[in-house]
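Participant: Can you keep this structure in mind? I'll have questions shortly.
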Amino acid sequence: MANAADVDALDFEPDDDDLMDEDATVDVDASSPTTAAAHIPKLKSAITSSAPKKTKGRGFREETDPGRTNRMSGRFDSLDSDGGPGPERSIEGWIILVTGVHEEAQEDDLQNAFGEFGEIKNLHLNLDRRTGFVKGYALIEYENYEEAEKAIASMDGGELLTQTVNVDWAFSRGPFKRRNDRRRSPHGHRSRSPRRRF
Amino acid sequence: MAEEENGGGAAAGEFYLRYYVGHKGKFGHEFLEFEFRPDGKLRYANNSNYKNDTMIRKEVFLTPSVLKECRRIVSDSEIMKEDDNNWPEPDRVGRQELEIVMGNEHISFTTSKIGSLMDVQTSKDPEGLRIFYYLVQDLKCFVFSLISLHFKIKPI
């Protein structure tokens, strides 16, 4: 299948896998939640250097499946992208996200409001599985960049069925603002806060 | 709606979410896993050895707006208040894992597969497990929409 070929063709920065690495190093100590929590710091440190988190759940106490690293550390298929800022094109068009959608909204309401910027190629108006009402967001696909851009410019902050909706691109060509504290090097950054002196 | 500025809210603080469901059986290790990373990267992996044995692995960067909506869904569910202590343990039939970092809280819940609401009702913590059950469905629904729209594949 074409998929398999794509997967092989696109590499994936191994450095970005740091969130997954903790499996290999987690020691098993089910007896004490504090000890177990102390063995989890890699995920924590990968995304923050701030105060320790309140942890909860069996996942901190049980033996971690070593397969987890393999599952998520391989090559992932993505569309070609230069990694720069700005929206990313999807395979057949441009996808925007509408949030703040009224729980009783119908597809027609979105068609009417967003159809004027261009033909809607796809519309996902997902439901809350518990209530059966609209979950609160919609994903809309336009064929052309200009259509999507116009929809965002015209509808973001606007009103739909008495509620204010926000409209933005769904996909991006690269990561958004990396936090300073994601740097894993011990010399990578220094806290400005005096409280963090050791 | 979702509180915008505090740590548990939709906008502030860091956010990471990973969900896994799978089992090992006749067709090997079959699973579905996705994660939302703090930098906006969404990763999706689905390995089913039944019929075709291809592993689907996709990744794409999301805008902050999409990540914020994901947080809103998590936040509104109030899953962070729950605990998996009294949930069914993972078993031969399967295993689910839900790991979320939001604000200064970090949960890592595991439980068995949940076939239906009947399993929820007969469990020792029906209220907590129901929240988990519906949140997982809402998250899957969100992720499947994103992945299928972007890559034009049927995620399941």
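What follows draws every value from the coordinates through simple rules; no lab data is involved. Predicted model, so just to flag it, every value in this text is computed and none were measured. When we count neighbours, we look across all protein chains shown, and the Cβ atoms used for this are built from the backbone with ideal geometry, even at glycine.
Participant: Kindly write out, for region A:85-96 in residue order, the coupling ³J(HN,Hα) from the Karplus curve 6.51 cos²θ - 1.76 cosθ + 1.60 (θ = phi - 60°), rounded to whole Hz, with x marking Gly and Pro.
Facilitator: x, x, x, 10, 6, 8, 4, 10, x, 10, 9, 10
Participant: Can you give the log10 of the normalised intensity I(q)/I(0) at q = 0.21 Å⁻¹, computed with Debye over equal Cα scatterers of region B:84-139?
Facilitator: Ignoring solvent entirely, the Cα scatterers give -0.78.
Participant: Return the sequence-ordered ³J(HN,Hα) values of region A:131-148 in whole Hz as given by the Karplus equation 6.51 cos²θ - 1.76 cosθ + 1.60 applied to θ = phi - 60°, using x for Gly and Pro.
Facilitator: 8, x, 7, 4, 5, x, 9, 9, 10, 10, 10, 10, 6, 10, 4, 4, 5, 5
Participant: How far is it, in nm, from the label point at A:Asn112 to the one at B:Lys24 when both lie 7 Å from their Cα along the line to the Cβ?
Facilitator: 5.6
Participant: Determine the shape class of region B:10-156: with a ≥ b ≥ c the square roots of the Cα gyration tensor eigenvalues, call it rounded for a/c under 1.5, and otherwise prolate if a/b is greater than b/c, oblate otherwise.
Facilitator: Working: a/c = 1.93, a/b = 1.02, b/c = 1.90.
Oblate.
Participant: For region B:116-156, which trypsin sites (Lys or Arg not before Pro) are both in a DSSP coil and crowded by at most 11 other Cβ atoms within 10 Å?
Facilitator: Loop-located and lightly packed - B:Lys124.
Participant: Anything over 18 Å Cα to Cα? Flag those among A:Lys150/B:Lys68; B:Lys24/B:Lys58; A:Lys54/B:Lys81, in the order listed.
Facilitator: The pairs that break the limit, which is 18 Å between Cα atoms, are A:Lys150/B:Lys68; B:Lys24/B:Lys58.
Participant: Would you mind computing, in nm to one decimal, how far apart the modelled labels at B:Asp76 and A:Glu103 are, each placed 7 Å from Cα along Cα→Cβ?
Facilitator: 0.8
Participant: Further question: Can you give the charge dipole size of region A:111-181 about its Cα centre, rounded to the nearest 20 debye, using +1 on the beta carbon of Lys and Arg and -1 on the beta carbon of Asp and Glu?
Facilitator: I would put it at about 540 debye.
Participant: Another question about this same structure. Quick one: which residues, 5 or more positions from B:Lys41 or on another chain, have an amide H under 5 Å from its amide H? H modelled 1.01 Å from N in the peptide plane, none for Pro or chain starts.
Facilitator: Close amide H contacts, sequence-distant or interchain: B:Leu62.
Participant: Per residue of region B:129-143, in order, report the coupling 6.51 cos²θ - 1.76 cosθ + 1.60 (Karplus, θ = phi - 60°) as ³J(HN,Hα) in whole Hz, putting x for Gly and Pro.
Facilitator: Ordered by residue, 3J(HN,Hα) equals 5, 5, 4, 4, 4, 6, 4, 4, 5, 5, 5, 4, 4, 5, 5 Hz.
Participant: Which trypsin sites (Lys or Arg not before Pro) does region B:16-114 hold that lie in a coil by DSSP with at most 10 other beta carbons within 10 Å? Before the final figure, lay out each step's value.
Facilitator: Details: sites: B:Arg18, B:Lys24, B:Lys26, B:Lys41, B:Arg43, B:Lys51, B:Arg57, B:Lys58, B:Lys68, B:Arg71, B:Arg72, B:Lys81, B:Arg92, B:Arg95, B:Lys113; in loops: B:Lys26, B:Lys51, B:Arg92, B:Lys113.
For trypsin sites (Lys or Arg not before Pro) across region B:16-114 that sit outside H, G, I, E and B with at most 10 neighbouring Cβ atoms in 10 Å, the list reads B:Lys26, B:Lys51, B:Arg92.
Participant: Pick out, from B:Phe27, B:Asn104, B:Pro38, the residue whose Cα sits farthest towards the positive end of the charge dipole of chain B, with +1 on the Cβ of Lys and Arg and -1 on the Cβ of Asp and Glu.
Facilitator: Going by the charge dipole, the pick is B:Phe27.
Participant: Here's another thing I want to ask about it. If you filter region B:54-122 for GluC sites (Glu not before Pro), then keep DSSP loop positions with at most 12 other Cβ within 10 Å, what is left?
Facilitator: Passing both the DSSP loop test and the Cβ count: B:Glu78.
Participant: Would you mind calculating the gained length between A:Glu119 and A:Asp156 on full extension (0.36 nm times residue separation, minus the Cα-Cα distance), in nm to one decimal?
Facilitator: Residue separation times 0.36 nm, minus the Cα-Cα distance, leaves 11.5 nm.
Participant: Test of understanding: express the Cα radius of gyration of region A:97-165 as a ratio to 2.2 N^0.38 Å, with N the residue count. Working shown, then result.
Facilitator: Values: Rg = 11.6 Å, N = 69, 2.2 N^0.38 = 11.0 Å.
Here the answer is 1.05, to two decimals.
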